[in-house]
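Quick notes on the structure that follows.
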Amino acid sequence: MDLVLIRILFVLILTAACFFLRPFALQPWTAALLGAAAAAAAIVFELRVRALSVTRLLAAVLGSVLGIAGAALFCTVLSGSLPPGPTREWLQLFVLMLMSYVGLVVGASKGDLLDFSRGLAGLFAGERATAGERNLKILDTSAIIDGRIADVVETGFLEGTLLVPEFVLRELQMIADSSDGSRRQRGRRGLDILQKMQAHPLLTVRIIEEDFPQLREVDLKLIELAKKMGGQIVTNDFNLSKVAQLHHVRALNLNDLANSLKPLVLPGEKMNVVVLKEGKEYNQGVGYLDDGTMVVVDHARRMIGRAVEITVTSVLQTASGKMIFGKIEDVTLKPEAVRTISELSS
């Protein structure tokens with residue numbers, strides 16, 4: 001509300017100043033309209049500048065200053081080579097406007113490539129970026145929650161800079177704040193994995209502020225960001241991979257990678273899982289691993305809410321995810337259930 005009042009005051013002051021001062025010898029009301037139009041243009045420019053990140057804003061200012069300096073040198077050459085007159089004045093004004101405009105636009109568009117924390121060396125680091133800096137990988141929410149991306153990058157099989165957009169972070173936070181316990185656990189797991197990757201000395205993880213307010217779905221924002229930055233999307237969302245292919249954007253599906261490797265769980269191995277709900281088939285129970293992998297347990301309908309030890313019977317790996325099938329070996333009551341039984345017996 002305060003900003004709105006300040007903008008209204010700005011328009012009124014500039015309009016009144018033009019009305020009384022009458023620039024260019026205009027009529028009072030014509031000058032007032034000119035002042036109001038100039039104030040409106042300044043407010044529109046201010047709104048656009050507010051949407052820029054600090055790095056892009058500094059880069060735009062630097063580009064404008066360099067453009068003006070170049071225009072001054074060029075105008076010096078023109079003043080010595082052309083006779084005084086309207087033509088020379090017009091050319092000097094045109095060169096000044098052109099160089100300032102080009103410097104502003106180029107500086108704003110290349111701002112994300114600059115690294116001001118490295119001093120003067122960082123001003124020119126963007127164009128001399130290494131192959132890793134240009135090999136951009138944009139992380140999807142599902143890939144961060146899955147957690148395998150951290151292990152894949154640490155082993156060196158996936159190179160480049162990992163980009164995490166702000167809208168992905170917001171989605172992670174919403175999942176972590178969910179009232180559903182399972183979703184909340186997955187969201188917090190994703191935030192922990194992201195923090196772990198940021199702390200790794202050999203990984204380059206950047207949080208970028210680029211956003212597309214006109215798009216509501218995160219998947220479409222990821223696709224547009226990949227188009228704009230020339231990056232690749234890292235995900236384990238089957239549908240996002242297919243939509244990205246339709247938009248001619250390359251998507252790296254972690255499930256496709258897992259499909260070509262040895263499964264993490266083999267038939268015959270034992271594992272512990274908490275049965276959370278009833279399965280689709282008769283007398284089945286369903287649980288989930290920490291990474292969200294579904295575990296279907298036969299004859300476990302009566303074990304809902306309990307931690308059980310199962311023997312893996314088969315593993316189904318598809319492009320849309322992994323499912324583990326098993327059978328009950330032993331039943332271990334949850335601590336809460338043990339305390340309840342003890343209280344009843346006493």
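Being within 19 Å of the chain's Cα centre (by Cα) and among the polar types (S, T, N, Q) is the filter here, so list the residues in the stretch 136-186 that pass it.
T141, S142, T161, Q173
Considering each of G80, G107 in turn, give the residue that is in a helix (DSSP H, G or I), at pLDDT below 80 and under 24 Å from the mean Cα position of the chain (by Cα).
Only one candidate passes the filter, namely G107.
Can you tell which of T15, T55 is at negative phi, in contact with an Asp or Glu (Cβ under 7 Å, 6 or more places away or on another chain) and surrounded by 16 or more Cβ atoms within 10 Å (Cβ to Cβ)?
T55
Has the stretch 170-182 got at least one residue that is crowded, with 16+ Cβ neighbours inside 10 Å, on the phi > 0 side of the Ramachandran plot and modelled with pLDDT of 80 or more?
No, every residue in the stretch 170-182 fails to be crowded, with 16+ Cβ neighbours inside 10 Å, on the phi > 0 side of the Ramachandran plot and modelled with pLDDT of 80 or more.
Consider G63 carefully, then state whether it is touching a Lys or Arg at 6+ places or on another chain (Cβ under 9 Å) and surrounded by 14 or more Cβ atoms within 10 Å (Cβ to Cβ).
yes
Got a sec? Which strands (runs of 3 or more DSSP E) wholly within the stretch 200-293 have at least 2 residues that are crowded, with 16+ Cβ neighbours inside 10 Å and in contact with an Asp or Glu (Cβ under 7 Å, 6 or more places away or on another chain)?
Where strands (runs of 3 or more DSSP E) fall fully within the stretch 200-293 and carry at least 2 residues being crowded, with 16+ Cβ neighbours inside 10 Å and in contact with an Asp or Glu (Cβ under 7 Å, 6 or more places away or on another chain), they are 232-235, 284-288.
Results for (1) out of contact with any Ser or Thr (no Cβ under 9 Å at 6 or more places or on another chain); (2) under 18 Å from S142 (Cβ atoms), shown as yes or no for each residue.
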residue	(1), (2)
L252	no, yes
K280	yes, no
L289	yes, yes
T293	yes, yes
D298	no, no
R301	yes, no
Q317	yes, yes
K322	no, yes
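The values are calculated or read from the model by the stated rules, or taken from the named source; none is laboratory data. None of these values were measured; they are calculated from a predicted model. With ideal geometry, Cβ positions are generated from the backbone for all residues, glycine too; neighbour counts draw on all protein chains shown.
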